[in-house]
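Novice: Quick one: the structure is below, and I'll ask about it shortly.
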Amino acid sequence: MKHIAVVGAGLAAVSTCAALRAQGYDGGLTLYSAEPGLPYDRPPLSKDVLLGKAQRADVLLRPADWYDAHRVVLRPGIPVRAVRPGEGGLELDDGTREKADRVVLATGGTPRTLPFPGTHTLRTWEEAERLRERLLPGARVVVVGAGLIGAETAAAARVLGCEVTLVDPVPVPLAAVVGDAVAGALHRRHTIEGVRVITAGVDRVEGSVVHLTGDAGQVVADTVVAGIGIRPATELALTAGLSVDNGIVVDTGRRTSHPHVYAVGDVARHDGSPVRHEHWEAAQRDGEAAAHGLLGRPVPEEGASWFWSDRHGSRLEAVGTMADAERVVLRGSPEVSGSPDDSGSPDGSGSPGAGFVAFGLRGGRLVAAAAIDRVREIKAARRLIDRGVPVEAAQLADETADLRTLLKR
Ligand SMILES: Cc1cc2nc3c(=O)[nH]c(=O)nc-3n(C[C@H](O)[C@H](O)[C@H](O)COP(=O)(O)OP(=O)(O)OC[C@H]3O[C@@H](n4cnc5c(N)ncnc54)[C@H](O)[C@@H]3O)c2cc1C
């Protein structure tokens, strides 16, 4: 293997390059990016970047000199038009053909949007900059979709003094992912922080008027933001004839249906998993796993998936799969977390009394945990899930019981 081409320069792509070098791969490595400039991290876009607290230089995935130091040829602003594994290479947007023995597709996702001109989405640095300019004090902002990015955007807009309306047809968004208790507390918090929450969909937008479905009426907006999820960017995989089904289907080593093409990050779906894990740590892990796969090594055990989200000064964290739980046990009170007088511990100290945790159990073992401002418990829960340690509901619910002691059994 003389040359590996990585298409897309988000976290999954950069993680793949870093892991290949860390694992001793010595051949050529080229990173093709449709976006201009140095690769950057996306989670700050809906947090510090919208708030004006972070500049592009603050959110780079790697410093500028890292690429040369690791012999990664970065080709920014050059979209790849086609991948031709049978011909051992790929074709760039300007028609140039490049050789590669292996190709890694790390093309991420494209935000779904609403069919109304002027609707903002938030995936790229440019989109974050455009949106930030609109989030002025007093601006009327309608955010459609109260999932992770919609909720963070609504919270940032509120901090910036906007009049924010959050619209979602689902009464308690995220319940399927983090359970009813945590999702309910998170959603109530919006209202407490002065966000107007409406359970409805968007029927149409006429000028500055957003018409909602059912009898929810209408809202006047200076800015409309769609936070309604992404579509995996599978175009290259489809034209290359790879197996695609809600993402590019990959095996444990992140290999696609073609033996010379791999896929990582938001665009990939692990064979056997019903969902794609569109989260930061999953993209990071995918890069490490793909490096093992590319180098013909077995992929180490990966453990439960994890993600976080920050909004209204609190941190949501979730580990494992809540949908697998037969029973949910709470530690701490959801009511406390929803109160403006005790908004948890933004420093993430996770001290008892701040925030709460929902533990998901199945057959006497933990399969998931979701929490607001409980970093310590989530860390312990993660290890309990990964090791399959038997747990008792009473211990989980007891604020005074240190979960780490269960790990010592
Ligand atoms: C605003 C925002 C906030 C987030 N917050 C959190 C959070 O708090 N916690 C969390 O766990 N996760 C969060 N995430 C999710 C996390 O950032 C993503 O899961 C991760 O960035 C996915 O990385 P990726 O490399 O797969 O895709 P991306 O980062 O999307 O990178 C894909 C790259 O491929 C490029 N590309 C596409 N097609 C081509 C082509 N044909 N040729 C060349 N290049 C191409 C794209 O332009 C893009 O640069 C957030 C995401 C966003 C957008």
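Novice: Name every residue in the range 257-269 that is in a strand (DSSP E or B) and either modelled with pLDDT under 95 or over 16 Å from the mean Cα position of the chain (by Cα) (or both), in order of residue number.
Specialist: Of everything in the range 257-269, those that are in a strand (DSSP E or B) and either modelled with pLDDT under 95 or over 16 Å from the mean Cα position of the chain (by Cα) (or both) turn out to be VAL261, TYR262, ALA263.
Novice: Now, a different point. Identify all residues within the range 1-16 that are within 20 Å of the chain's Cα centre (by Cα) and either aliphatic (A, V, I, L, M) or part of a helix (DSSP H, G or I) (or both); write none if there are none.
Specialist: Within the range 1-16, VAL7, ALA9, LEU11, ALA12, ALA13, VAL14, SER15, THR16 meet the criteria.
Novice: Here's something else I'd like to know. Any idea how many residues of the range 247-261 are of a type in the set (D, E, K, R) and either over 19 Å from GLY293 (Cα atoms) or within 16 Å of the ligand (Cβ to nearest atom) (or both)?
Specialist: Here the count works out to 1.
Novice: Which residues, taken from the range 261-274, are crowded, with 17+ Cβ neighbours inside 10 Å and either more than 14 Å from THR107 (Cα to Cα) or free of Cβ contacts under 8 Å to residues at least 12 places away in the same chain (or both)?
Specialist: Within the range 261-274, HIS270 is the sole residue that qualifies.
Novice: Here is a further query. Just for the range 290-309: of the residues that are within 13 Å of the ligand (Cβ to nearest atom) and buried (at least 21 other Cβ atoms within 10 Å of the Cβ), which one is nearest to ASP48 (Cα to Cα)?
Specialist: The selected residue is SER309.
Novice: If the requirement is being crowded, with 19+ Cβ neighbours inside 10 Å, more than 12 Å from the ligand (Cβ to nearest atom) and not polar (S, T, N, Q), which of these qualifies: PRO43, PRO39, PRO85?
Specialist: Residue meeting the stated conditions: PRO85.
Novice: From the list GLU98, GLU91, GLU127, exactly one residue is near the ligand (Cβ under 9 Å from one of its atoms), more than 15 Å from the chain's Cα centre (by Cα), charged (D, E, K, R) and surrounded by 15 or more Cβ atoms within 10 Å (Cβ to Cβ). Which is it?
Specialist: On inspection, the qualifying residue turns out to be GLU127.
Novice: A follow-up question, please. Regarding GLY108, is this residue over 19 Å from LEU50 (Cβ atoms), touching a Lys or Arg at 6+ places or on another chain (Cβ under 9 Å) and within 16 Å of the ligand (Cβ to nearest atom)?
Specialist: Taking the combined requirement at face value, the residue satisfies it.
Novice: For the range 320-361, which residues satisfy the criterion of being at pLDDT 80 or above and farther than 20 Å from ASP398 by Cα?
Specialist: Hits for the range 320-361 are GLY320, THR321, MET322, ALA323, ASP324.
Novice: Mind listing whichever residues of the range 19-36 are exposed (fewer than 13 other Cβ atoms within 10 Å of the Cβ) and over 22 Å from the mean Cα position of the chain (by Cα)?
Specialist: ALA22, GLY24, ASP26, GLY27 - these are the residues of the range 19-36 that are exposed (fewer than 13 other Cβ atoms within 10 Å of the Cβ) and over 22 Å from the mean Cα position of the chain (by Cα).
Novice: Let me ask something else. Only one residue in GLY77, GLY95, GLY138, GLY108 is touching a residue at least 60 places away in the same chain (Cβ under 8 Å) and among the small types (Gly, Ala, Ser). Which one?
Specialist: Unique residue meeting the criteria: GLY108.
Novice: In the range 1-36, which residues are more than 9 Å from the ligand (Cβ to nearest atom), β-branched (Val, Ile, Thr) and more than 14 Å from TYR67 (Cα to Cα)?
Specialist: Result: ILE4, single match.
Novice: Just checking, does the range 234-251 include any residue being under 27 Å from ARG130 (Cβ atoms) and either aliphatic (A, V, I, L, M) or out of contact with any Ser or Thr (no Cβ under 9 Å at 6 or more places or on another chain) (or both)?
Specialist: Checked against the condition, which is being under 27 Å from ARG130 (Cβ atoms) and either aliphatic (A, V, I, L, M) or out of contact with any Ser or Thr (no Cβ under 9 Å at 6 or more places or on another chain) (or both), the range 234-251 yields at least one hit.
Novice: Condition first: in contact (Cβ under 8 Å) with a residue 40 or more places away in the chain, of a type in the set (Val, Ile, Thr) and surrounded by 14 or more Cβ atoms within 10 Å (Cβ to Cβ). Now tell me which residues in the range 366-409 satisfy that.
Specialist: VAL367, ILE372, VAL375, ILE378, ILE385
Novice: Moving to a separate point now. Considering only residues of the range 23-64 that are outside any loop (DSSP other than H, G, I, E, B) and among the aliphatic types (A, V, I, L, M), which is nearest to GLU127 (Cα to Cα)?
Specialist: Only one residue tops the list, namely LEU45.
Novice: Mind checking which pairs have a first residue in the range 42-53 that is outside the structural domain of GLU133 (by TED's automatic domain parsing) and a second that is surrounded by fewer than 19 Cβ atoms within 10 Å (Cβ to Cβ) and among the basic types (Lys, Arg), Cβ under 6 Å, 6 or more apart or different chains?
Specialist: Listed pairs, sorted by first residue: LEU50/ARG132.
Novice: Now a separate question. Six or more apart or on different chains, Cβ atoms under 7 Å: show the pairs whose first residue is in the range 283-299 and at pLDDT 95 or above and whose second is of a type in the set (Phe, Trp, Tyr).
Specialist: Filtered contacts from the range 283-299: ALA290/TYR262; GLY293/TYR262; LEU294/TYR262; LEU295/TYR25.
The values are calculated or read from the model by the stated rules, or taken from the named source; none is laboratory data. None of the values given here were measured: they were computed from a predicted structure. Cβ coordinates were reconstructed from backbone atoms using ideal geometry, including for glycine residues, and neighbour counts include every protein chain displayed.
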